[in-house]
1. When only DSSP loop residues count, what GluC sites (Glu not before Pro) in region 235-293 have their Cβ near at most 16 other Cβ atoms within 10 Å?
2. Filter the trypsin sites (Lys or Arg not before Pro) in region 19-105 down to the DSSP loop ones having no more than 11 other Cβ atoms within 10 Å, then list what survives.
3. Could you work out how far apart the two model spin labels at Ser90 and Thr298 are, taking each label as a point 7 Å from the Cα in the direction of the beta carbon, and quote it in nm?
4. What is the diffusion coefficient of region 247-359 in µm²/s, taking the Kirkwood radius over Cα pairs and the Stokes-Einstein relation at 4 °C with a viscosity of 1.567 mPa s?
5. List the pairs from Lys313/Lys338; Lys140/Lys232; Lys266/Lys338; Lys140/Lys240 whose alpha-carbon separation is above 28 Å, in the order I gave them.
6. Starting from the 7 Å offset along Cα-to-Cβ, what nm value, one decimal, do you get for the label separation of Leu280 and Met246?
7. Once whole DSSP H runs in the chain are found, which of them have Cα atoms spread over 18 Å or more along the helix axis and a mean Kyte-Doolittle score of at least -1.0?
8. Two decimals is fine: what's Rg over Rh for region 108-239, C-alpha atoms, Kirkwood radius as Rh?
Amino acid sequence: MHAELAGETLSIICVNPCPSVAFPKAEFRRALTTWYRKHGRDLPWRRTRDPYAILVSEFMLQQTQVATVIPYYHEWLRQFPDFAALNRASENDILRAWQGLGYYARARNLHATARAVVDRFRGRFPRSIEQMQRLPGIGKYTAHAIASFAFDQAVPIIEANTARVLVRILNFRRPIDRRGGREKLWEHAATLVPERSARIYNSALTDLGALVCRPRRPRCGICPVKKLCRAKNPETLPTKKERPPMERLTENHALIIRADRILLEKADRRWRCMWILPRLQRTPLNRRPIYRSIFPFTNHRVTLNVYTQCTQKIDDHSQRWIRVDSLDSIPIPSPHRKALRHLLNEAIAARSRRQRSSGS
Ligand code: SF4
């Protein structure tokens, strides 16, 4: 596909048989932003131009739904209001504040970015997209989002919502999860961004994707850009390469309690530096788990089994006895926290049943 700029129209020549078309950019932007002023979402990170707050929202929104992010966003800014405060926080504090959002690499990268902004830029977030992309965890999309939403620079953003709208209105049929297709889409997107108020335009495009041009059953009947849209069969777009099949994983852990303490272990890899129930290397034979849950992780479907264990060789390097009443103060990933809550409630209920029966 080849794009050519000519005044206010974008010419698109497809490699698969489709004719050259002139896309009316000005009309598209006008219809889109008029719709947005009436129907756009009132999101907390849109009420600020502070690059720190916008960066926090962008990190949180990667892989997580808007409704889940909102309370975390407010609480994070209360605890760590700026780069300096986040730089001073311990890893333990940031992982605890991130608990429940998952994909903890995002929290670690945000922490590392705060350190870099304080050390290299005296606490002021750079305005240059190139410099932003040298910071931990900041790729092309995030850099463009900060440049647009905080500094109103005339740059496009390509994420799931905006990509969907753009490929549909332009009837762009190359796979967008392949490098060539993705780059070409960025090029087309750049030609549509207005010189002024890119912030509003990008917010409008995002909301059109989230509210109207949905992945399934797009609401074309109420779409403000319907008459400009080139998609013949919108649900077939965007084109993507086939996903790898979901893999199943089983993880076995132990519940070991002594008086008011529980044995936990410092995790590595996926939940590095967080606390989890101690791992069992082998599945206990002829025993049923006392707890089982299933959770997704990237393209895995993980079954978490917990078994009671009376004896266990303690690894002093990675394991600790933790007081049950202090569990809230340490970072524990959600699947393990849910297991702990359930199992400790069961243990308390069993103890009071025993006390009642011995008293009667
Ligand atoms: S007309 Fe339909 S497919 Fe086209 S942009 Fe609007 S909602 Fe999406």
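Every number in this text was worked out from the coordinates using simple rules, so none of it is lab data. Values in this document were obtained by computation on a predicted structure and should not be read as measured data. Every residue, glycine among them, receives a Cβ derived from its backbone with ideal geometry; neighbour counts consider all protein chains shown.
1. For GluC sites (Glu not before Pro) across region 235-293 that sit outside H, G, I, E and B with at most 16 neighbouring Cβ atoms in 10 Å, the list reads Glu242.
2. Arg47
3. Each label point lies 7 Å from its Cα, and together they span 3.0 nm.
4. Reported coefficient: 86 µm²/s.
5. Lys140/Lys232
6. Label at Leu280, label at Met246, 2.5 nm between them.
7. 66-79, 105-121
8. Answer for region 108-239: 1.03.
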